[in-house]
Amino acid sequence: MKDVLTDKVSANGNLPKHIAIIMDGNGRWARLKNLPRAAGHKEGINSVREIVRVCGEIGVSHLTLYTFSSENWSRPKTEVSAIMKLLLSTIKKEIRNLDDNNVKLSTIGNLKELPSETQKNILDGVKKTKSNTGLNLILALSYGSRQELIRAIKRILTRVKESNLVIDNIDETLLNAELYTADIPDPDLIIRTGGEYRLSNFLLWQSAYSELLISETFWPDFRESDLLNSIADYQNRQRRFGQTADQVKL
Ligand code: IPE
Ligand code: IPE
Ligand code: MG
């Protein structure tokens, strides 16, 4: 069945080039099972591994995973440190596997806010995989879209002040270039697991024309067939970018 779905999604040809996922529902998954919230985060790593593998196999070009938001720092200290511990051990364990699978790792967000050992291991992983030509895996870490936009505005104003940038020349391309996502195409499909209908400060500028898909499935249960079904749903949609249906069909 899974293979049939894989073939269907691949044969369609209209694969989302960039999929971004809000991996939500770890805590509720754990609660349902009477487990501590951290157990949900831990199981979520198995979903990450599987989704990364499938995206690589079917030829998705970019996969962005909302891993930890700027606002997640305000969770209880014990939960934040459990997540940080898991992040570090996962990075240490998985880099080799990612490299073997030709995955190129990068990050968006304020990496400097992470513990220094985590920063170091992530940067080592980014360096190690930088020449890989397969899936671009982007981890959103200590990421917030409003913070990203403020950072971009400051960088642009600095250019106005110090390098003669003319205000009239500020356009979408110029703003894009000052975002963490400068080299990354906008997401075609944004999936949120866990059933909430919100973006929670994720890629607010970049999602202007993204297709949104809300899955009721909690992230630790979101696996290959859920991803393939989400892509199949995307493939049945018509993206109009402001035009009429007839225009787009031509
Ligand atoms: C997402 O799952 C993981 C992070 C935000 C780090 P949650 O921990 O938000 O899970 P719920 O939403 O409480 O179920
Ligand atoms: C969004 O989930 C952030 C990540 C998945 C990393 P949250 O659980 O933090 O979102 P809210 O607080 O429910 O909006
Ligand atoms: Mg949540």
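The values are calculated or read from the model by the stated rules, or taken from the named source; none is laboratory data. Note that the structure is a prediction, hence the values are computed from the model and not measured. Cβ atoms come from the backbone with ideal geometry, glycine included; neighbour counts cover every protein chain shown. When the accessible area is computed, the model is the full protein with side chains, heavy atoms only, and any ligands, DNA or RNA have been set aside. Shrake-Rupley method; radii C 1.70, N 1.55, O 1.52, S 1.80 Å.
Of the residues making up the stretch 133-155, those that are touching a helix residue (DSSP H, G or I) at 6+ places or on another chain (Cβ under 7 Å) and at negative phi are GLY134, LEU135, LEU137, LEU141, TYR143, GLY144, GLN147, ALA152.
Any idea which residue in the stretch 228-250 is modelled with the highest pLDDT, counting only those that are assigned to a helix (DSSP H, G or I) and open to solvent by 80 Å² or more (accessible area, probe 1.4 Å)?
ASN229
Restricted to the stretch 81-110, and to residues that are in a loop (DSSP other than H, G, I, E, B) and under 30 Å from ASN12 (Cβ atoms), which residue is most open to solvent (accessible area, probe 1.4 Å)? That would be ASN101.
Kindly provide the set of residues from the stretch 116-167 that are of a type in the set (Lys, Arg), without any contact (Cβ under 8 Å) to a residue 12 or more places away in the chain and surrounded by 13 or more Cβ atoms within 10 Å (Cβ to Cβ), ordered by number.
Residues satisfying the conditions are LYS120, ARG159.
Taken as a whole, the stretch 51-64 holds at least one residue that is in contact (Cβ under 8 Å) with a residue 24 or more places away in the chain, within 24 Å of ARG146 (Cα to Cα) and within 15 Å of ligand 2 (Cβ to nearest atom).
Going through (1) touching a residue at least 24 places away in the same chain (Cβ under 8 Å); (2) under 16 Å from the mean Cα position of the chain (by Cα); (3) farther than 18 Å from GLY25 by Cα one by one, SER215 falls short only on (3). Please verify whether the stretch 16-24 includes one or more residues that are surrounded by fewer than 18 Cβ atoms within 10 Å (Cβ to Cβ), among the charged types (D, E, K, R) and either more than 28 Å from GLN238 (Cα to Cα) or within 16 Å of ligand 3 (Cβ to nearest atom) (or both). Scanning the stretch 16-24 turns up no residue that is surrounded by fewer than 18 Cβ atoms within 10 Å (Cβ to Cβ), among the charged types (D, E, K, R) and either more than 28 Å from GLN238 (Cα to Cα) or within 16 Å of ligand 3 (Cβ to nearest atom) (or both). In the stretch 68-80, is there at least one residue being in a helix (DSSP H, G or I), in contact with a strand residue (DSSP E or B) (Cβ under 8 Å, 6 or more places away or on another chain) and loosely packed, with under 14 Cβ neighbours inside 10 Å? Yes; the residues of the stretch 68-80 include at least one that is in a helix (DSSP H, G or I), in contact with a strand residue (DSSP E or B) (Cβ under 8 Å, 6 or more places away or on another chain) and loosely packed, with under 14 Cβ neighbours inside 10 Å. Here's a check for you: in the stretch 29-47, which residue that is within 11 Å of ASP221 (Cα to Cα) and open to solvent by 40 Å² or more (accessible area, probe 1.4 Å) is nearest to ligand 2 (Cβ to nearest atom)? Filtering first and then ranking leaves GLU43. Can you work out which of the residues in the stretch 177-186 that are under 15 Å from ILE153 (Cβ atoms) and free of Cβ contacts under 8 Å to residues at least 24 places away in the same chain is nearest to the chain's Cα centre (by Cα)? Among them, the one singled out is ALA182.
Checked against (1) over 24 Å from CYS55 (Cα atoms); (2) touching a residue at least 40 places away in the same chain (Cβ under 8 Å), LEU111 passes all but a single condition, namely (2).
Identify all residues within the stretch 187-200 that are more than 16 Å from ILE231 (Cα to Cα) and in contact (Cβ under 8 Å) with a residue 60 or more places away in the chain; write none if there are none.
Correct list: GLY194, GLY195, GLU196, LEU199, SER200.
Scanning the stretch 47-67 for residues that are away from ligand 3 (no atom under 16 Å from the Cβ), assigned to a helix (DSSP H, G or I) and among the small types (Gly, Ala, Ser) yields a total of 1.
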